Amino acid sequence: MGWFTRKRKDAEQPETKEEVFIQCPACKAHIYKAEWEKNLEVCSHCNHHERMTCWERIDLLIDRGTFREINRRVTASDPLKFADAKGTYGEKIKETRQKTGLNESVVTGRGRINGIRVVLAVMDFRFFGGSLASGTGEKIYQAAAYALKHRQPFIIVCASGGARMQEGIVSLMQMPKTCAAIARLQQARIPYFSIMTDPTTGGVSASYAMVGDIHIAEPKALIGFAGRRVIEETIKQKLPDDFQTAEYLMEHGFVDLIVPRKEMKDTLHKLLKYCVAA
């Protein structure tokens, strides 16, 4: 009977099991957690690239110990005093800040890629779906100004659902504002690379994501403006299965390179060496 009994003290303690497997969100395959992390959250079965946080991206691309954040205090504003049935926009901003540790949907800073100085802006989908708002636009504008002043290449890693509706026209005005800042870089012949990850949609895809000197995308990333269903209902046609994927956009000339996550830093280094030398 000893096999079926145990001490009461042990029975009262909750059992904790270490997570061993990760299920791929795309193909549903079970992958060892250690393998998943070693492969930078890329599925070894279907090549699905899972979304990363801004800090994971920075660790992936920037030389260790060289990243310095700039314009950290810039944050979201609430010009419309927006509120809905779930609460006020101001309250949601505070909750999202606490949850993510971020002040806005983008982190900007300077660092080095294999020794080459760059200015970097990395969007984070956890913060209001990576939406473009007044704070986002201001941080990107200021980062572009920093790159112009110091004549350093500028890189934006996009991950966004589009403009942030809670800020209305103020949010939409960030589209021309950011494009104007990037135009100044291009006039000064300072390289600007746009990296499009899953997803890059809405106002971001219609602004700074698509005005780069070089457009790079991760495999199978969703890239587009309006949603697939909206387009199909508008034009009354069935769209191709691979519509709005990185591969589809590359085939139609909107993307220059599709680069797997493991090769991203080395690819950027090669491009930077060529551009800086030129």
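Tabulated data
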quantity: Hits in region 98-125 - residues which are under 12 Å from Trp55 (Cβ atoms) and out of contact with any strand residue (DSSP E or B) (no Cβ under 8 Å at 6 or more places or on another chain); calculated: Thr100, Gly101, Leu102
quantity: Residues of region 118-137 satisfying the condition of being under 20 Å from Phe67 (Cα atoms) and not hydroxyl-bearing (Ser, Thr, Tyr); calculated: Val118, Val119, Leu120, Ala121, Val122, Met123, Asp124
quantity: Residue count for region 222-254, restricted to those that are in contact with a Leu (Cβ under 9 Å, 6 or more places away or on another chain) and not polar (S, T, N, Q); calculated: 7
quantity: Pick from region 18-55, criterion assigned to a strand (DSSP E or B) and under 26 Å from Val106 (Cβ atoms), ranking: nearest to the chain's Cα centre (by Cα); calculated: His49
quantity: Single match in Ile140, Ile182 (criterion: under 21 Å from Thr201 (Cβ atoms), β-branched (Val, Ile, Thr), in a helix (DSSP H, G or I) and in contact (Cβ under 8 Å) with a residue 60 or more places away in the chain); calculated: Ile140
quantity: Residue in region 117-128 that is over 17 Å from the mean Cα position of the chain (by Cα), over 21 Å from Ala217 (Cα atoms) and in a strand (DSSP E or B) present; calculated: yes
quantity: Residue match in region 82-91 (condition: outside any loop (DSSP other than H, G, I, E, B), outside the structural domain of Ala209 (by TED's automatic domain parsing), at pLDDT below 95 and surrounded by fewer than 14 Cβ atoms within 10 Å (Cβ to Cβ)); calculated: no
quantity: Number of positions in region 219-257 that are in contact (Cβ under 8 Å) with a residue 40 or more places away in the chain and either more than 23 Å from Phe193 (Cα to Cα) or among the acidic types (Asp, Glu) (or both); calculated: 1
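The values are calculated or read from the model by the stated rules, or taken from the named source; none is laboratory data. Fair warning: this is a prediction, and the values are worked out from it, not measured in the lab. All Cβ positions, even for glycine, are placed from backbone atoms using ideal geometry, and neighbour counts span all protein chains on display.
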